[in-house]
Every structure is written in C-alpha cells, then in structure tokens.
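Q: Mind having a look at this structure? Questions to follow.
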C-alpha cells in the first residue's frame with residue numbers, strides 16, 4: 001500500500017480543512033496569491049448575482065458545447081478541401097467557411 005502514496009505532494013494538495021472554512025474559490029485565489037484574505041462573495045447583492053450567473057452558465061455549458069460540436073460537424077469536409085486546393089490558408093477557411101456555416105446551424 002505504500003506505493004500508492006509515494007507521489008503525493010502535500011504542497012500541491014488543497015487542504016480540506018481550509019477549503020471548508022474559506023470556500024473553494026477563496027482557497028484557490030489565496031493559494032495563487034491573488035487574495036490576502038477570504039472574501040464573502042455572497043454577502044453583497046452583486047456577489048450573489050454573479051454567483052447565480054456563473055452557476056447558470058456552468059449548468060448550460062454542456063448543452064451549448066454539444067450544440068456547437070454538432071454544428072461544426074455538420075459542415076461538409078469537402079468545402080475545406082476545396083478551399084485548401086484553391087490556396088486558402090487556415091484563417092481564410094475559418095472566416096469564409098466555418099463562421100458562415102456555423103451561424104446557419
């Protein structure tokens with residue numbers, strides 16, 4: 001059982017005791033040196049609204065990601081191949097094929 005924990009780095013691990021007192025985001029921001037002390041994010045109306053916005057965005061992210069992937073996969077590869085044969089670089093293919101075709105999906 002000793003071999004399971006040989007690569008454990010306590011300096012890189014989050015201390016669960018501190019996270020439970022400070023909160024996850026405060027712990028990360030303090031550990032990165034961006035904050036000196038924990039902030040009460042939910043103590044103000046602006047902080048509470050930001051938390052609701054982030055939670056809603058996080059909840060919807062998988063749906064939008066899958067929808068975007070489906071739209072990108074619906075663009076025929078022949079368009080990219082034809083543009084490459086015509087000498088279009090990656091930026092031109094993105095600008096003239098990917099953007100217009102992804103907006104119609």
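Bear in mind that the values in this text are calculations on the coordinates, not laboratory data. Because the structure is a prediction, the values reported are computed rather than measured. Cβ sites come from the backbone with ideal geometry, for glycine too, and all protein chains shown count toward neighbours.
Q: Would you please give the FRET efficiency between residue 102 and residue 24, computed as 1/(1 + (r/R0)^6) with r the Cβ-Cβ distance and R0 = 30 Å, to the nearest 0.05?
A: On the way: r = 34 Å, r/R0 = 1.14.
FRET efficiency, residue 102 to residue 24: 0.30.
Q: What order, most packed first, do the peptides 22-33, 72-83 have when packing is the mean number of other Cβ atoms within 10 Å of each residue? Walk me through the numbers before you get to the answer.
A: Numbers: 22-33: 14.6, 72-83: 12.1.
Per-residue mean Cβ counts within 10 Å order the peptides as 22-33, 72-83.
Q: How large is log10 I(q)/I(0) at q = 0.23, 0.24 Å⁻¹ when the Debye formula is applied to the Cα atoms of region 21-85, each weighted equally and without solvent?
A: The calculated log intensity ratios at q = 0.23, 0.24 Å⁻¹ are -1.00, -1.03.
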